[in-house]
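Undergrad: The structure's right below; bear with me while I get my questions together.
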Amino acid sequence: MQKNVKITPPRYQQVAADVAAKIAKRHYLVGDRIYARSGLASQYGVSSETARRAICVLADMEIVEARKGSGVVVKSYENAVKFVQHYQNIQSMADLKREIFAIIEKQTEENKKLKECIAKMMDKTDRFRSINPFTPFDMVIDSTCHYIGKTISELNFWHNTLATVIAIRRNDTLLLSPGPYSVLMEGDVIYFIGEDKCFERVKKFLYGSSERESTSGICPGSQE
């Protein structure tokens, strides 16, 4: 769709509408002789043919009467009012149509930009995942945990949760890559990685029923 295209009615229609508007405003009264073709062409800066067509429109609407030797004479005030209202309605509809098309075009352009932004976001997300395939989970060890004072090794943590502890924060200290003999203490925050469902498994393991078997069939705290 071309932008900034202004649609205008033919010049002869504009001239006819302007003459009718003057009659509707009673600048000219019924019976007044208003224009000859040459005078109309001169006043509106149009060709004689354009002036002739404007007069024909007004005559067809019975607003004026073209008399030989007398020029153009006003015939009906009421018909002039009707013509002006009709013309204005058409113009209003044309303006509304242009406005609607402009809104649709703007929305189409905005939707296109939105799709581009979404595509860029998805691309960046995929790249981030490829660089950082494991986003760590974290969980606070509170007083309801079943295994306070136990080491990671004693819990067979990976066998029971399929998650790997990568860090433990205790107060203001962060212990990275804790060994199997690191002890879980109340108030610790453990950081671990694994697939999406491992968070629920870790939570169930640490805070669920103490009388349950692990995912590998080994009871928590057992050694093989």
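What follows is calculated from the coordinates using simple rules that are stated; it is not laboratory data. Remember, predicted model here, so these are calculated numbers, not experimental data. Every residue, glycine among them, receives a Cβ derived from its backbone with ideal geometry; neighbour counts consider all protein chains shown.
Undergrad: What order, most packed first, do the peptides 105-117, 193-205, 154-166 have when packing is the mean number of other Cβ atoms within 10 Å of each residue? Could you put the intermediate results ahead of the total?
TA: Working: 105-117: 10.3, 193-205: 14.8, 154-166: 19.6.
Ranked by mean Cβ neighbours within 10 Å, highest first: 154-166, 193-205, 105-117.
Undergrad: Quick one: which residues, 5+ away or cross-chain, put their amide H under 5 Å from the amide H of residue 175? H built at 1.01 Å from N.
TA: 168, 169, 170
Undergrad: So, in nm, how far is label residue 162 from label residue 25 when the simple model puts each one 7 Å beyond its Cα toward the Cβ?
TA: 8.4
Undergrad: Set the Förster distance to 30 Å, then compute FRET efficiency between residue 33 and residue 90 from the Cβ-Cβ distance, nearest 0.05. Write out the running numbers ahead of the final one.
TA: Working: r = 29 Å, r/R0 = 0.96.
Once rounded, the FRET efficiency stands at 0.55.
Undergrad: With 32 Å as the limit, write out which pairs from 112/197; 150/197; 25/68 have Cα-Cα distances beyond it, or answer none. Write out the running numbers ahead of the final one.
TA: Numbers: 112/197 36 Å; 150/197 24 Å; 25/68 26 Å.
Cα-Cα > 32 Å for 112/197; rest within.
Undergrad: Once you list every other residue whose beta carbon is under 13 Å from the beta carbon of residue 48, what net charge do they have if Lys and Arg are +1 and Asp and Glu are -1? Walk me through the numbers on the way to the answer.
TA: On the way: positive: 11, 37, 52, 53; negative: 49.
Summing Lys and Arg as +1 and Asp and Glu as -1 gives +3.
Undergrad: Also: Given Cβ point charges of +1 (Lys, Arg) and -1 (Asp, Glu) and nothing else, what value in debye, to the nearest 20, does the dipole of segment 137-207 about its Cα centre take?
TA: Details: 7 positive and 9 negative charges, 28 e Å.
Roughly 140 debye for segment 137-207.
Undergrad: Label residue 13 and residue 113 with points 7 Å out from Cα along Cα→Cβ: what is the distance between them in nm?
TA: It is 3.5 nm.
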